[in-house]
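For reference, the structure is listed below as structure tokens.
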């Protein structure tokens, strides 16, 4: 019996950070045993906002190195960059003609990214949810690991799949199911516990990058925002303390334990004691990953070979699906 097929992607824009690792990449590694996994560096999504070409190429290799260092096995899973597989763009155009303007107008991430200057946003930024649907459905993926903030995009992919099938009287595209995994699916900023940790935050102190040294990690955790109250005695206390909740969530996720375990371990102690323990755990967990990532980045030829081989495997899956999609639409 064939394994269910997973698709997920990550943008090559800026350094990957702890939120990417705990919220997504670590879970991707665990999925490899039970799913047929297709993991994509989505360089086409990246250019919805202008990118310096040299920086984009560098970031694509760096993100690929990060995924391999974290445990993605490119000989087992399919690992490639999006622009090498034409089925993404071709399927996206067909989906541009299936999706409705009203659907895209409701997408909250476009409103957040475009801000008040939405008239000057690129068409690509507006329509990129259709490309995201194409990323998934070009492989007829059955499952997508998502965070809470990405569920709306997956719902759109399901709507597009269902409308395509209905319009053409077929059962061609599956309605992909979400996989929401792990306790730390939403890691927040070290400077503001109400905002998601982000590569685009102006302050580098707001995040722990996967490229950070042990000294960088120690400094950022020491400076991480807390509140004046004592460490919590119960999990319920964390509900009204976003910064403490965020740090406890990160510490728990790095140690593969529950937040309740962390609360019990540090009840009655000082924040300084907790931050020292958190630093030791973060450095221990991330240090080997960072070292391996740097080793891989220093060998761009190997990274490029991995991406080429992954693209060949991705094309082998996507090409017959795309051919059938075109036949259904009426392209000859």
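The values are calculated or read from the model by the stated rules, or taken from the named source; none is laboratory data. Only a predicted model underlies this, so the values are computations on that prediction, with no experimental measurement involved. Because the Cβ atoms are built from the backbone with ideal geometry, glycine has one as well, and the counts that use them run over all protein chains shown.
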TODO: Could you please find all residues in the stretch 1-48 being assigned to a loop (DSSP other than H, G, I, E, B), farther than 13 Å from residue 72 by Cβ and over 11 Å from the mean Cα position of the chain (by Cα)?
DONE: 1, 2, 3, 4, 13, 14, 15, 34, 47, 48
Task: Unique match (being at negative phi, surrounded by 12 or more Cβ atoms within 10 Å (Cβ to Cβ), touching a helix residue (DSSP H, G or I) at 6+ places or on another chain (Cβ under 6 Å) and not assigned by TED's automatic domain parsing to the domain that holds residue 209) among 282, 311 - done: 311
TODO: Identify all residues within the stretch 199-219 that are under 20 Å from residue 62 (Cβ atoms) and assigned to a helix (DSSP H, G or I); write none if there are none.
DONE: 204, 206, 214, 216, 217
